[in-house]
Amino acid sequence: MFLINCPYCGERDQSEFVSGGEAHIARPKQPTELNDDQWAEYLFMRKNIKGIQFERWNHAHGCRKWFNVARDTSNDKIEKIYKMGEQPPKL
Amino acid sequence: MSKNLRINNKQFVDETRKLSFVFNGKKLYGYKGDTLASALLSNDIHLVGRSFKYHRPRGIMTSGSEEPNAILQIGNDDALTEPNVRATEIELYDGLICNSQNCWPSVNFDIGGINNFLSPLLPAGFYYKTFMWPASFWEKYEYFIRKSAGLGKSPTKQDPDMYDHRYMHCDILIVGGGVSGLIAAKIASDDNKKVLLLEDKELLGGSLIYDDNDISKIDNQKSSEWLKKLIENIKNDKNIIIKTRTSLAAYHNYNFLLARQNLTDHLSVNDRNNKIRQRLYKIRAKKVIISTGAIERPQVFHNNDRPGIMLASAVKKYIDYYGVRCGLENVIFTNNDSAYETALSLHKSGTKLNAIVDIRENSSSEIVNKVKSLGVQIYWKHTIVNTKGYKRINKVAIMKLNDKGNDVIGKKIELNCDCLAISGGWTPMVHLFTQSGGKLKFDNKDNIFVPDKTNLNQLSIGSAKGDFELDDVLKNSIKDTKKFLQIENSNFDKIDVQCSKEKEKKNIWLLPSDKPLSKTKPFLDYQNDSTAKDIKLALREGFKSIEHVKRYTTTGMGTDQGKLANMHALGIVADTTNTNMGDLGTTTFRPPYTPLTFGTIVGRNVGQFFDIFRKTPMHDWHVDNNAKFENVGQWKRAWYYPKDGETMHDAVQRESKAARESSGILDASTLGKIDIQGTDANEFLNRVYTNAWSKLQIGKCRYGLMLNEDGMVYDDGVTTKLGENHYLMTTTTGGAANVMSKLEDYLQTEWPELDVFLTSVTDHYATASVCGPNAKKIINKIFKDLDLSDESFPHMSFKEVKLGNINCRVMRISFTGELSYEINVEASYGKYIWEKCIEAGKEFNITPYGTETMHLLRAEKGFIIVGQDTDGTMTPVDLQMDWIISKKKYDFIGKRSLYRSDTIREDRKQLVGLLTDDPNEILEEGAQIIKDENKKPINMLGHVTSSYFSPTLKKSIALAVLKEGKKLKGQKLLVPMIDKTIKVTVSDTVFLDKENERING
């Protein structure tokens, strides 16, 4: 059970949050101009790495805000939490 | 008690409080302070159970949670009986009833004991190998194997006990109230930290509290005296919360830990009334200190499992703590100095020690010298090669070891003994450390795995870290705790510790015998009956990974999780394969550390609290009117309202007929409702729904279909335009929360530029839906001033109207195909408006109908239910709802996916209607649809998603998803059932009123 430091509410138990998968996959602005492969890349392809992964999390049972988390998947250590729209940190 | 096994020195047992208990039907006595094990031993009972596989007689072996043999069935009540309870852990209470497990007819005469003589035929993997052929016989074999497997009996009735959960937070959590944990607690408290100290026993102090050898001294006092003062000090410390009888079950990431406290298991049954039995603590600790100590290891030799063979430390504890002699003719067998403490305790209590057998050449430490000076016969460089005595050990045979330690030489000597105290060294309890993700390293000097790297804010101290001698334990615990807590000075800095120091070490994982290995039974895992031979067999058969060896031989897989067995198993694998134990690694330690009852895990979440449920404001009316309820998400929805003993079918037929012929009323309060406001609200709807919203006027409603980005139907519902920048969206009942989350996600992350605000108002409004040809007359009776003409209030429109002071939003929308009005009011008026409708509708036989009738009515019209007729693989095109996809809009969620190569396939499953050739035959939902019964393998074309008997059409109707369904209209297909095959014809999805005339009444 992680402790997650919500950028709006502070440190809370993982049970208050939901994970939203990999971060920094922006929805294409002009989907109709993409071919099947490009659209599939956006729609389906997700990383599953051992190491630092950038993820979206939502404080679902709190402020309901979405934010980004840099988490080390090998030990679940959260290296950095930053708001939506911010650039991923260099880690 | 024929033999005098109780000695006078009973420090921790209260002789004034005699307790009676029943073991295998025999009434016995013990004292307050005894464990069940010490009470049994004081009655000269060693034999308490039979082993799992060979049914060998087994006795109490340890004094703690690592006990493999003394696991008993406690209680004889169908609801309260508990299997696999370790006699060494349960505190004796008056009236305790316990029985041996895994024996029949009795522990003294067990038919299964024949397995012991068949044991050459029952090697590791016996079941796997033997019951392979013929494969079709497996079901027959399984019946018998299952019957003979398993240990205790589960209770068959509901658990009447109460359990509890509690959250706790602390600066420092200390697991284990032995000397190192106590010192750490004091240091942390002196630094003004909030400390939570857990101890699984009744008393603090660990093993040092009863340790009274004359050599060990702390600050020139007897170590136990020094410790007692420290405990008094800690009990009065306001910074330290102490929880005794509390064992740590699991250590999760981020210092989240679960601990179970026993609150009533030590009380007599009459004293437990209405008390909470166990409490589960959910602990968040800033820092964790693990001081769980170490477990003594047995030694592995031929017939090392007889009753009367015990760990040396246990023999010592039974004397020094409980005042119980485990035997009157003792022999000690050791490879280290710690067993000499047992020798001193035996001597002090006046108990006969026949000999000490030590595999080492010699030992010159202070404690060994002291034992030598007592004139005890010590056989150096000897090993036990065999033991005798079926139900209780009576002799050991010893021989001299050769220099390599791999064989025995010389003459066999036999020694009498009724208790053999064995010690093979100590294993740090690193379970919690590894559960938390910590990595171990191997210490070649002591042959132990010790904590190495961790990502968490935690520290292991004392024996749990691999310090075994008193001065190391104390001094390192002080030093390490100070460093961990970043403290310069402590009150313990000048501590003076005297103790004996071990100089000679020797370890042999599998001791040699005068017989070949194949003729011996050197047990590793007592509970699962696996021997060193089984490990070697597994290796010969090609198993290499320690995890595979474990599973093949079942070593370490009993209820004790191999607390005693695992190190020897690893050692023998390492020796046999010439591998370094550090490279071999360990098997995985998983929570819980000791078994937990289900009651503790679920706590208060039982019965009506198992899963919360939601009720609509009209719920009580439904209950009063005999509604049967259906779970939809967490909602309790009225399912149907049986009258005068009607079946569900009869009730649904009556309700739906009434709705079509006169009027019906449905509680639609559970539909998800989202209030949407903002200048970009219209643009937002355009992006989330497949159809166009730009031209929707204020006061109008529109049906919308929502997709996932993958183009599959996600949700549907009607949205009403309340004002220029104000909409009310409805969603499916089950999808409400997910739709809300999804829309918020898009607004926050993809379209932050949109000025849109979403508010879930599902709980704020109640909805009564009145439908049928007489609906208009009923609504007119309630809202007398409301113009209900089709011109003023057409289908798919909305009016805001007042009923007294109540604001009502009335929507003319229909899910049944009938003329229909939905009245939305603030939730607190829900029941009032519902009863108002019932009253006004009385003269029109207004009939409340539930979800089942609603499903029937909409199916007659071919309206889908998302989640019933769709399953996350259906596009709007598959549903034959092409009309709802806007061709003009540039983008909406899922649009691009609608022309992926996969979604435009023509042979996708598509929604169709099905009519049975026999109109009275009702298909089963989920039934498969096929074309040809004879050509095998049979090609499955699709399945039935909705099926009902329509009283209006007087025939059965069904919706189904079918491969290439659109092209198959009119085709004859088959629906095979278990006892017959039903002939069906593919039809249109709309069965009733294709012209939509009913909607206008």
Sort the following peptides by mean Cβ neighbour count (other Cβ atoms within 10 Å, averaged over residues), highest first: B:831-839, B:430-438. B:430-438, B:831-839
If each of B:ASN233 and B:VAL761 carries a label point 7 Å out from its Cα toward its Cβ, how far apart are those two points in nm? 6.6
Determine, from the Cβ-Cβ distance of B:LYS931 and B:ASP164 and an R0 of 45 Å, the FRET efficiency 1/(1 + (r/R0)^6), rounded to the nearest 0.05. 0.15
Taking B:LYS193 as the anchor, which lysines have their alpha carbon closer than 19 Å to its alpha carbon, excluding any fewer than eight residues away along the same chain? B:LYS235, B:LYS238, B:LYS243, B:LYS286, B:LYS287, B:LYS479, B:LYS482, B:LYS483
Take the alpha-carbon centre of the stretch B:470-542, take the same for the stretch B:201-263, and report the distance between them in whole Å. 21
Could you put B:GLU504, B:GLU933, B:GLU655, B:GLU818 in order, starting from the residue whose Cβ has the fewest other Cβ atoms within 10 Å? B:GLU933, B:GLU504, B:GLU818, B:GLU655
Check which residues have an amide H placed less than 5 Å from B:GLU202's amide H, if you skip close sequence neighbours. B:ARG245
Residue farthest toward the positive end of the dipole of the protein assembly as shown, with Cβ of Lys/Arg at +1 and Asp/Glu at -1: which of B:ASN1000, B:VAL315, B:GLY466? B:VAL315
Using alpha-carbon pairs under 8 Å, 6+ residues apart, how would you state the relative contact order of the stretch B:667-857 in percent? 22
Dipole size in debye (nearest 20) for the stretch A:3-83 around its Cα centre, Lys and Arg Cβ +1, Asp and Glu Cβ -1? 260
Between B:MET881, B:THR870, B:LEU898, whose Cα lies farthest towards the positive end of the dipole of the stretch B:863-1000 when Lys and Arg beta carbons carry +1 and Asp and Glu beta carbons carry -1, centred on the Cα centre? B:LEU898
Based on the alpha carbon coordinates of the protein assembly as shown, what radius of gyration and maximum Cα-Cα distance (Dmax) apply, in Å? 37.3, 116
Hz values of 3J(HN,Hα) by residue in the stretch B:615-621 - Karplus curve (6.51, -1.76, 1.60), Gly and Pro given as x: 10, 7, x, 8, 3, 4, 5
Footprinting proxy, B:LEU539, B:LEU973: sorted fewest to most Cβ within 10 Å, the residues are B:LEU539, B:LEU973
For the stretch B:761-906, averaging the sequence separation of alpha carbon pairs under 8 Å that lie six or more residues apart and dividing by its residue count, the contact order in percent is 22
For the table A:LYS47/B:LYS439; B:LYS395/B:LYS521; B:LYS475/B:LYS501; B:LYS228/B:LYS475; A:LYS47/A:LYS80; A:LYS47/B:LYS888, the rows whose alpha-carbon distance is greater than 23 Å are A:LYS47/B:LYS439; A:LYS47/B:LYS888
To the nearest 20 debye, what charge dipole does chain B have about its Cα centre, counting +1 at the Cβ of each Lys and Arg and -1 at the Cβ of each Asp and Glu? 2520
Taking only complete DSSP H runs, can you tell me which helices of chain B stretch 24 Å or more along their own long axis by Cα positions and average at least 1.0 on the Kyte-Doolittle scale? none
Plugging the Cβ-Cβ distance of B:ILE904 and A:MET1 into 1/(1 + (r/R0)^6) at R0 = 35 Å yields, to the nearest 0.05, a FRET efficiency of 0.20
Which entries in B:LYS700/B:LYS887; B:LYS157/B:LYS980; A:LYS50/B:LYS506; B:LYS861/B:LYS963 show an alpha-carbon gap greater than 30 Å? B:LYS157/B:LYS980; A:LYS50/B:LYS506
Fewest first, what order do B:CYS98, B:CYS419, A:CYS63 take by the number of other Cβ atoms within 10 Å? A:CYS63, B:CYS98, B:CYS419
Grab the DSSP H runs of chain B that are 4 residues or longer, score each as -39,500 (n - 2.57), total them, divide by all residues and round the 222 nm result to the nearest 500 deg cm²/dmol. -6000 deg cm²/dmol
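Values in this text are rule-based calculations from the coordinates and carry no lab data. Computed from a predicted model, the values in this text were never measured in an experiment. A quick note on method: Cβ atoms are made from the backbone with ideal geometry, for glycine too, and the neighbour counts reach across all protein chains shown.
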